1. What is the residue count in the range B:196-254 for residues that are surrounded by fewer than 20 Cβ atoms within 10 Å (Cβ to Cβ) and not in a helix (DSSP H, G or I)?
2. State whether the residues of the range B:111-129 include one that is modelled with pLDDT of 80 or more and basic (K, R).
3. Say whether the condition of being of a type in the set (V, I, T), surrounded by fewer than 17 Cβ atoms within 10 Å (Cβ to Cβ) and over 26 Å from B:V383 (Cβ atoms) is met by at least one residue in the range A:427-437.
4. Could you tell me which residue of the range A:79-104 is farthest from the other protein chains (Cβ to nearest Cβ), considering only residues that are within 16 Å of ligand 1 (Cβ to nearest atom) and touching a residue at least 40 places away in the same chain (Cβ under 8 Å)?
5. Would you mention how many residues in the range B:271-298 are under 19 Å from B:S361 (Cβ atoms) and within 12 Å of chain A (Cβ to nearest Cβ)?
6. Filter the range A:307-328 down to the residues that are more than 7 Å from chain B (Cβ to nearest Cβ) and either part of a helix (DSSP H, G or I) or in contact with an Asp or Glu (Cβ under 9 Å, 6 or more places away or on another chain) (or both) and list them by number.
7. Say we look at the range A:278-298 and pick out the residues that are in a helix (DSSP H, G or I) and crowded, with 24+ Cβ neighbours inside 10 Å; which of these is farthest from the chain's Cα centre (by Cα)?
8. Within the group A:T46, A:T113, A:T68, A:T53, which residue is touching a residue at least 40 places away in the same chain (Cβ under 8 Å) and over 23 Å from the mean Cα position of the chain (by Cα)?
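The values are calculated or read from the model by the stated rules, or taken from the named source; none is laboratory data. Just so it is clear, the model here is predicted, and its values are computed rather than measured. Positions of Cβ are generated from backbone atoms using ideal geometry, with glycine treated the same way; all protein chains shown enter the neighbour counts.
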2 protein chains.
Amino acid sequence: MSPTRQLFRLTPPQILVLGFATVILIGAVLLSLPIATEGVAALSFTDALFTATSAVCVTGLVVVDTATTFSTFGEVVIMILIQVGGLGFMGFATFFALLLGKRVGMRERLILTEAYNQNRLGGVVQLVKYMVIIFALFEGIGFLILAARWVPEFGLKGLYYALFHSISAFNNAGFDLMGDQFGPFSSMTAFVGDPIVSLTLASLFIIGGIGFVVLVELFQYRYARRFSLHTKLVFVTTLCLTVVGVGGILVIEWGNADTLGALGFGDAAMAAFFQGVTPRTAGFNTLDLAAMYPATQFLIILLMFIGASPSSTGGGIKTTTFVAILLAVWGMVRGHDDVVTFRRRIPHGQIYKALTVSVASMALVTIMTMLLTITESSDVFHVFFETVSAFGTVGLSLGVTPELSETGKFLVIFTMFAGRLGPMTIAFAVAKRMVKPPYRHPEERPLIG
Amino acid sequence: MSPTRQLFRLTPPQILVLGFATVILIGAVLLSLPIATEGVAALSFTDALFTATSAVCVTGLVVVDTATTFSTFGEVVIMILIQVGGLGFMGFATFFALLLGKRVGMRERLILTEAYNQNRLGGVVQLVKYMVIIFALFEGIGFLILAARWVPEFGLKGLYYALFHSISAFNNAGFDLMGDQFGPFSSMTAFVGDPIVSLTLASLFIIGGIGFVVLVELFQYRYARRFSLHTKLVFVTTLCLTVVGVGGILVIEWGNADTLGALGFGDAAMAAFFQGVTPRTAGFNTLDLAAMYPATQFLIILLMFIGASPSSTGGGIKTTTFVAILLAVWGMVRGHDDVVTFRRRIPHGQIYKALTVSVASMALVTIMTMLLTITESSDVFHVFFETVSAFGTVGLSLGVTPELSETGKFLVIFTMFAGRLGPMTIAFAVAKRMVKPPYRHPEERPLIG
Ligand SMILES: [K+]
Ligand SMILES: [K+]
């Protein structure tokens, strides 16, 4: 069989894995070129691969400080990788195909359906068109506001900062260029008391994390006059998680002199808000995470694991997955066979999928944490935090990333990759599909629990 | 309504929760009496409640060293609490009812079915009879072997040690009386190189953790000539987890001078075997857990969470729950709708139950760990280890238990209780059952993952 036909026989999950891997490799090669860096001669290929993976998977974990290490060329490469990774490489490919007037075939629609976790084939090309419009709209607005704030302070460089951070925020990437101004790895801590920067970035990554399906529905509300169950669940869950995150940080950290305790009331409230929403899964920070109490760090781990909403730029197991499981457990406790919410029944197949995604994700995080505790000498809890951050494509860190060993870097690279695509997509891509046998085995019930 | 009729209206999960709680409270009152302790005047009620809960839930976590704190009266109370808790209070009640020639009614059978996680009502009274025989048999054999080893060393006290440790081991309780001889909290570390003690205890808790359903099937094999799917799954999973546990500890700890590295080849192999099987869920240790590498401690956390097999004296989510989930995820990855193993199909309801039990257990462990990181100043990872140990009724500790705050003790008490009964039983007992509505809501599919 010719290579082309072989490629044609790849399943949608395999295409996605290969596509993302290709984009990452191209990025890694570009970032390892001498012109990509300033100061240092050139990045090791491992570090370049790590940075490219972190950008394409919109994670934001960094082994080297972005601003002080990379040249403008390198930074622009990172920005483009973030945009391609955030929109999704299939969305990007489809957009260019549409621009060139090409037809999007059934096969491409199937891959898009897989890429954006859609339940149906219909409207998936329309979704891509809307996505591009939404990206342009919100990144444009973000750019204008940040430019208005930063051009007076940094001059022309402020325009560049505005563009980079608007893209980084809306794609939930968490990359920043503030190392030049306020010290390496400072993230957004310099703007903890700046409402324009804080709230603009937070708005961008919250909207980016809501998911395009919801955003499209919002735009179409005046015609449709109703919201889908999906949109209602995303809204309620996002709101609840925000309240839990912000409230939890406020309550726990209020007396911590190294975090909220050092700030005035208004700044503390704003910082708590920012840190409460950033684990889902933006990755910027305005407070020093390492100075937080362990209880707060634990809360952030939970929020990072849950992550953003489906078909968004964010990661994690997703808000709807989380709420579907809660509803299923609650239903079982109440003795109700159906999982009912908002007067709609969520089919058991969806619950089953939610549980499988969660279990596979936990397995991935657990195995990766275990391997990293072997390869790294860092504190176990910090390593666990790092793994969940990588899996959820969040990018928050308690300081483990820059100290990672060579093997550790590859483990985190794999975790980011698996986290962006989803462990089930990776598994589908690798596993050989079974041919369904023509008979069914007899049933037998083992004891459970 | 009269109180008797009110009691009669309690559901089986409510009876189990109240029954276990009553036994614990009686134990706590007895252990707080001045005659229960030696040296100290009397135990605080919190410490007595903690010890009673730990004994009834066959956990083995101790806030005070058992041998040096309690009088012989106190130790015998603990031994009885372990026996009642290990057999299960309903099994105990049923056994006495049978002894007194009483009829076991439909209602009691229903509660027994719930208590031992049986799928069917039939044979549940027969199971209790077998259980009592099995307890007497194995605890008797254990007693004889340990007596032969300990009477020469400790004289008459060796008989008492043999009885206590045989009961503690077969019930997977993890309580020991070696503090008198080898220092408080020393557990079985003095016997790391003693094959008779090590292997007898390990055999007792492995057999106790296999589950009575499997043991009964083994005894009946010469008539039945076949094993159920349940028994096959328990055997394969127990074997695999033993290989993973023992092998993992051997490989990781081989070079650790504070654990295996200090021992000769034979002793090291025996110690690795003992520590590899004790997390499921015996709780004795022959090596210093705190001296182990974090990777080993992490592996032990996993094994403790999975725990023993259903209808056994052990805790955790259970081996069959774990393997059912693995099979379900594997099946989904391979694109197979049915979950098939050993040429049998596990019904989706069972998989669903396994996933719900696991998710509820993870939620419990997560919430308790978070609360404990707030109340305790100990290392977060050590607190996490402690919580999983309490949930899995294991009893291993990295040293957190004796340092627990007053609130922390109550949190661990609740975790042990919920771990022994299962989080779903607690939820069933507390939640109000919903009356099934006469209609079904329309179906709608949110995006998942
Ligand atoms: K991120
Ligand atoms: K135990």
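1. Of the residues in that region, 6 qualify.
2. Yes: the range B:111-129 contains one or more residues that are modelled with pLDDT of 80 or more and basic (K, R).
3. Checked the range A:427-437: at least one residue is of a type in the set (V, I, T), surrounded by fewer than 17 Cβ atoms within 10 Å (Cβ to Cβ) and over 26 Å from B:V383 (Cβ atoms).
4. Among those that are within 16 Å of ligand 1 (Cβ to nearest atom) and touching a residue at least 40 places away in the same chain (Cβ under 8 Å), it is A:M79.
5. Residues meeting the conditions: 1.
6. Those that are more than 7 Å from chain B (Cβ to nearest Cβ) and either part of a helix (DSSP H, G or I) or in contact with an Asp or Glu (Cβ under 9 Å, 6 or more places away or on another chain) (or both): A:T319, A:F322, A:V323, A:L326, A:L327.
7. Within the range A:278-298, the match that is farthest from the chain's Cα centre (by Cα) is A:T296.
8. Residue meeting the stated conditions: A:T68.
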